[in-house]
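Colleague: Input: one structure, supplied below.
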Amino acid sequence: MSERKLVDAKNTFCPGPLMELIANMKQAEVGDELEVLSTDEGSANDIPEWINKVGHEVLESFQNDGVWHIVVKKAK
Amino acid sequence: MSDKISIMLIASKREQLQMAAMVASVGAVSGSDVTVFLSMNAMEYFKKDCNTKAPADGPMGALLEDKNAPDFKDLFQQAVELGDAKIFPCSMAVDIMGLSQDDLEDYISEPLGLTKFLTDASEGQVWTF
């Protein structure tokens, strides 16, 4: 069973959250899920764009108390 | 798909350094083949013993500092480590500043001449900061 890893990238700005996600993505196995936390709205839009461009999968994206949660799955 | 992005970076101000670092890092992790050519006043910041903070050019630079935007040097390092970008110091600048490669950050490649950079940059996007 794949685990879901939390990537806490709150309180920084684009492209900080994206770079933190990618650093964690490199360590992850195919099929693993990662959940990025970001307080930067630009990153909340940019991360799904990157995920689609490089061919991974966005599972969900929502905002809760000023924090965006983007859940992605490493597809390759 | 692998496109090519060549960046010439000569600026000394935070805003330009930040934008160049953003293009380099996001481009590199998105599958582009990124080359950065460093020269002029940008060189100083890539020395290992550099304690100089890049001064703001205007209000945005001050905001970048206040709001904890990612450090531009960290972004360049991530461009290299996560996206296989190459950052070359200009060979003229290295000579004129009397530097050796050991004086520069470990993620910086060997000095490159302008002729080679221009040949490499003749295909793909070219950005200057």
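The values are calculated or read from the model by the stated rules, or taken from the named source; none is laboratory data. As the structure is a computational prediction, the values presented were derived from the model and not from experiment. In this analysis, Cβ positions are derived from the backbone assuming ideal geometry, glycine residues included, and neighbour counts consider all displayed protein chains.
Listed here are the residues, each with its yes/no results for (1) farther than 27 Å from A:Ile22 by Cα; (2) modelled with pLDDT under 95; (3) in contact with a helix residue (DSSP H, G or I) (Cβ under 6 Å, 6 or more places away or on another chain); (4) surrounded by 15 or more Cβ atoms within 10 Å (Cβ to Cβ).
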| position | (1), (2), (3), (4) |
| --- | --- |
| B:Pro59 | yes, no, no, no |
| B:Gln78 | no, no, yes, yes |
| B:Lys86 | no, no, no, yes |
| B:Cys90 | yes, no, no, yes |
| B:Ala93 | yes, no, yes, yes |
| B:Ile96 | yes, no, no, no |
| B:Ser100 | yes, yes, no, no |
| B:Ser109 | no, no, no, yes |
| B:Val126 | no, no, no, yes |
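Colleague: Can you name the residue in the stretch A:24-46 that is within 12 Å of chain B (Cβ to nearest Cβ) and over 20 Å from A:Glu3 (Cα atoms) and is also surrounded by the most Cβ atoms within 10 Å (Cβ to Cβ) among such residues? Break it down into steps so the answer makes sense when it comes.
Modeller: First pass over the stretch A:24-46, keeping only residues within 12 Å of chain B (Cβ to nearest Cβ): A:24-27, A:39-40, A:42-43, A:46.
With the extra rule that they be over 20 Å from A:Glu3 (Cα atoms), the set shrinks to A:39-40, A:42-43, A:46.
Numbers: A:Thr39: 16, A:Asp40: 22, A:Gly42: 13, A:Ser43: 25, A:Asp46: 18.
Once the filter is applied, the top-ranked residue is A:Ser43.
Colleague: A further question follows. So is B:Ala20 within 22 Å of A:Ile22 (Cα to Cα), buried (at least 16 other Cβ atoms within 10 Å of the Cβ) and in contact with a strand residue (DSSP E or B) (Cβ under 6 Å, 6 or more places away or on another chain) or not?
Modeller: yes
Colleague: All but one of (1) within 13 Å of chain A (Cβ to nearest Cβ); (2) surrounded by fewer than 21 Cβ atoms within 10 Å (Cβ to Cβ) hold for B:Lys48; state the number of the condition that does not hold.
Modeller: Single failed check for B:Lys48: (1).
Colleague: Just for the stretch B:66-76: of the residues that are surrounded by fewer than 16 Cβ atoms within 10 Å (Cβ to Cβ) and in a helix (DSSP H, G or I), which one is modelled with the lowest pLDDT?
Modeller: B:Asp66
Colleague: Only one of (1) in contact with a Leu (Cβ under 7 Å, 6 or more places away or on another chain); (2) closer than 18 Å to A:Cys14 by Cα; (3) not charged (D, E, K, R) fails for B:Ala54. Which number is that?
Modeller: Every condition holds for B:Ala54 apart from (2).
Colleague: I'd like the residue in the stretch A:7-23 that is surrounded by fewer than 18 Cβ atoms within 10 Å (Cβ to Cβ) and touching a Leu at 6+ places or on another chain (Cβ under 7 Å) and, out of all such residues, is nearest to the other protein chains (Cβ to nearest Cβ).
Modeller: Checking each candidate, the answer is A:Ala23.
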